[in-house]
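The structure appears right after this line, and notes come after that.
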């Protein structure tokens, strides 16, 4: 009985170590992708609201440079929005750079170079920010 219990503890310990090492490797790979600067193709959810544009990917949030290409993207995204604060899935090619440490905002910035595709949002993903005024 003791041998079986000892064997079970050893097996669980080994499996737990392998799973932890795998998670660390995945995290390192994700951070390596994020820290790359230069031209990249990214998929994420885009929002432009009140003079601020953001692209949220599964691993990072980027401040989007507001220029003519960002407005092209915003015009394509508008067809899928029911609220001004809806986030819409997109695929873009852009130039990623680190922001100036003295500026406010997300650590990385992206300048849209090309709109690859704008996807219809999944209605089950309720990624809507609602801003309401409370009346007293």
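Just so it is clear, none of the values below were taken in a lab; they were calculated from the coordinates. Since we're looking at a predicted model, the values are computed, not measured. Every residue, glycine among them, receives a Cβ derived from its backbone with ideal geometry; neighbour counts consider all protein chains shown.
Structure above, values below:
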item	result
Where labels lie 7 Å past Cα in the beta-carbon direction, separation of residue 59 and residue 122 in nm	2.0
Order of 116, 66, 92 under a 10 Å beta carbon neighbour criterion, fewest first	116, 66, 92
Cα gyration tensor shape for region 37-110, rounded if a/c is under 1.5, else prolate or oblate	prolate
Cβ-based exposure ranking for 67, 84, 74, 51, in which fewest neighbours within 10 Å come first	51, 67, 84, 74
Estimated inter-spin distance, residue 75 and residue 93, nm [label 7 Å along Cα→Cβ]	2.0
